[in-house]
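Participant: First the structure, which I've put down as structure tokens, then a few questions once you've had a look.
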Amino acid sequence: MNNFLPVVFQNGADKYARMQMLVASSMGATAFQKGLGAMHAIAHSLGARYNAHHGLLNAILMPYVLNANRTKIEEKMMRLSSYLALEGTGTDAVLHWVLSLRSSLGIPHTLAEININDSEAALIGDMASRDPSAGGNPIPFTPEEYSQIFSDAVHGKGL
């Protein structure tokens, strides 16, 4: 498996690894055409309320959103776990990989670690459900479900 993010994280001067990150970034940009989904909907809402970095919010939120979408994405996670040559298969294997990668990069496990609490959970849930990115999510979450995902990410629940 080619995994250049940790390489660049450890050695930003590695031009080959940086080039591979640029390629991956370009590939990721094409995914925007398919829709961004709940992770970005919540991150947009949190960024607006808490002035937090969008990329960091996405990195923290990712496993919580993957878990919430589990029933609709298992087939895709089976393929992804195979492409990544993970030891396990499916959503559990991908979640384990994401959590491990996050940890190796020093990404916090919860939103609480970046001083975001769930006192505005209902507002964030409502904002996220109205965000244009929400339409790209495999499951059309209600404001209450968005609030729950947000709260789980604050407290580290469900993983």
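The values are calculated or read from the model by the stated rules, or taken from the named source; none is laboratory data. Note that the coordinates shown come from a computational prediction; the quantities given were computed from them, not determined experimentally. Cβ coordinates were reconstructed from backbone atoms using ideal geometry, including for glycine residues, and neighbour counts include every protein chain displayed.
Participant: Please find, within region 85-96, the residue that is nearest to Thr71 (Cα to Cα) out of those that are in contact with a helix residue (DSSP H, G or I) (Cβ under 8 Å, 6 or more places away or on another chain) and outside any loop (DSSP other than H, G, I, E, B).
Facilitator: Only one residue tops the list, namely Thr91.
Participant: Let me ask another. Of all the residues that make up region 98-112, how many are assigned to a helix (DSSP H, G or I) and out of contact with any helix residue (DSSP H, G or I) (no Cβ under 8 Å at 6 or more places or on another chain)?
Facilitator: 2
Participant: Now a separate question. For region 58-81, indicate whether the set of residues that are in a loop (DSSP other than H, G, I, E, B), surrounded by fewer than 17 Cβ atoms within 10 Å (Cβ to Cβ) and either polar (S, T, N, Q) or out of contact with any strand residue (DSSP E or B) (no Cβ under 8 Å at 6 or more places or on another chain) (or both) is non-empty.
Facilitator: no
Participant: Can you tell me which residue among Leu5, Leu61 is under 21 Å from His109 (Cβ atoms), modelled with pLDDT of 90 or more and under 18 Å from the mean Cα position of the chain (by Cα)?
Facilitator: Leu61
Participant: Something else about it: Just to verify a result, which residue in region 30-51, among those that are within 15 Å of the chain's Cα centre (by Cα) and at pLDDT below 90, is surrounded by the most Cβ atoms within 10 Å (Cβ to Cβ)?
Facilitator: Taking the candidates together, the pick is Leu36.
Condition check ((1) more than 16 Å from the chain's Cα centre (by Cα); (2) under 30 Å from Val7 (Cβ atoms)) across all residues:
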{"position": "His53", "(1), (2)": "no, yes"}
{"position": "Asn69", "(1), (2)": "no, yes"}
{"position": "Glu75", "(1), (2)": "yes, no"}
{"position": "Gly88", "(1), (2)": "yes, yes"}
{"position": "His96", "(1), (2)": "no, yes"}
{"position": "Leu111", "(1), (2)": "no, yes"}
{"position": "Ile124", "(1), (2)": "yes, no"}
{"position": "Ile139", "(1), (2)": "no, no"}
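Participant: Turning to a different aspect of this structure: Pull out all pairs, ordered by first then second residue, where Cβ-Cβ is under 8 Å, the residues are six or more apart or on different chains, the first lies in region 53-82 and is at positive phi, and the second is at pLDDT below 95.
Facilitator: Listed pairs, sorted by first residue: none to list.
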